[in-house]
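Please read through the structure below; I'll follow up with questions.
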Amino acid sequence: MSRTVLCKGVDESGITFYTNYESSKGEDLARTPYASATFPWYQLGRQIHVRGQVRRVSAEVTADYWASRPRGSQLGAWASHQSHPIASRTALLEQLDQVTARFADQDRVPVPPHWGGYLIAPEVVEFWQGRENRVHNRIRVTGGHVERLQP
């Protein structure tokens, strides 16, 4: 299954993104904690593909990222039951109005218990560069082992 996520961090431990744990994406990851991410650079004819185990990041890491988000995005995360059906856009905006009123007297919106980050810890990283005649460059790195692959 493929999902679109917004990469919010890349470092030596992996790729971090955030979502609603109760969304279809969150439920899929709970069942199968393994994912891949592909970063294409179309103008350069290159891409990087990463695969590996997925785990939730700590509550502290989630809280740090949450604090950096605009208040409107925080309220939207509370208002939306991500991936679940809703009758109309008006109904969604009503949910946002209710959440906005709920937190109107608070300087900081708390992190929802159903929301947080995931880390994809790379087990396999593949570098691809397009070449003429479909004789592309492909390099796969697995556990420190580097090998060239045929296109």
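Listed here are the residues, each with its yes/no results for (1) under 20 Å from the mean Cα position of the chain (by Cα); (2) among the charged types (D, E, K, R).
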| position | (1), (2) |
| --- | --- |
| Ala63 | yes, no |
| Gly76 | yes, no |
| Gln82 | yes, no |
| Arg89 | no, yes |
| Leu93 | no, no |
| Asp97 | no, yes |
| Ala101 | no, no |
| Asp105 | no, yes |
| Val109 | no, no |
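Right, another one. Quick check: anything in segment 39-48 touching a Gly at 6+ places or on another chain (Cβ under 9 Å), under 23 Å from Val5 (Cα atoms), open to solvent by 80 Å² or more (accessible area, probe 1.4 Å) and outside any strand (DSSP E or B)? Break it down into steps so the answer makes sense when it comes.
So the first thing to find is which residues in segment 39-48 are touching a Gly at 6+ places or on another chain (Cβ under 9 Å), and the list is 44-47.
From the residues that got through so far, the ones that are under 23 Å from Val5 (Cα atoms) too are 44-47.
Restricting the remaining residues to those that are open to solvent by 80 Å² or more (accessible area, probe 1.4 Å) gives 44, 46.
After this cut, where a residue has to be outside any strand (DSSP E or B) as well, the list is 44.
Yes, because at least one residue in segment 39-48 is touching a Gly at 6+ places or on another chain (Cβ under 9 Å), under 23 Å from Val5 (Cα atoms), open to solvent by 80 Å² or more (accessible area, probe 1.4 Å) and outside any strand (DSSP E or B).
Residues Arg3, Arg51, Arg55: which one is in a loop (DSSP other than H, G, I, E, B), surrounded by 13 or more Cβ atoms within 10 Å (Cβ to Cβ), on the phi < 0 side of the Ramachandran plot and within 20 Å of the chain's Cα centre (by Cα)?
On inspection, the qualifying residue turns out to be Arg3.
Can you tell me which residue in segment 18-38 is most open to solvent (accessible area, probe 1.4 Å), limited to those that are in contact (Cβ under 8 Å) with a residue 24 or more places away in the chain, out of contact with any helix residue (DSSP H, G or I) (no Cβ under 8 Å at 6 or more places or on another chain) and of a type in the set (Ser, Thr, Tyr)?
By that ranking, first place goes to Ser36.
Condition check ((1) under 20 Å from Phe17 (Cα atoms); (2) among the small types (Gly, Ala, Ser)) across all residues:
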residue	(1), (2)
Leu96	no, no
Pro110	yes, no
Gly116	yes, yes
Phe127	no, no
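With the requirement that a residue be among the acidic types (Asp, Glu) and part of a loop (DSSP other than H, G, I, E, B), what does segment 87-142 give you?
Residues of segment 87-142 among the acidic types (Asp, Glu): 94, 97, 105, 107, 123, 126, 132.
Scanning segment 87-142 gives Asp105, Asp107.
Still on this structure, please answer the following. Report, by residue number, each residue of segment 64-91 that is open to solvent by 40 Å² or more (accessible area, probe 1.4 Å), free of Cβ contacts under 8 Å to residues at least 60 places away in the same chain and small (Gly, Ala, Ser).
Selection gives Ala67, Ser68, Gly72, Ser73, Ala87, Ser88.
Another question, then. Just checking, which of Gly130, Gly144 is more than 21 Å from Thr4 (Cβ to Cβ), more than 21 Å from the chain's Cα centre (by Cα) and modelled with pLDDT under 95?
Details: Gly130 fails: modelled with pLDDT under 95.
Being more than 21 Å from Thr4 (Cβ to Cβ), more than 21 Å from the chain's Cα centre (by Cα) and modelled with pLDDT under 95 holds for just one of Gly130, Gly144, which is Gly144.
The values are calculated or read from the model by the stated rules, or taken from the named source; none is laboratory data. Just so we're clear, the structure is a prediction, and the values are computed from it rather than from any experiment. As a convention, Cβ positions derive from the backbone with ideal geometry for all residues, glycine included, and neighbour counts pool all protein chains shown. Note: areas computed on protein heavy atoms with side chains; ligands, DNA, RNA excluded. Shrake-Rupley method; radii C 1.70, N 1.55, O 1.52, S 1.80 Å.
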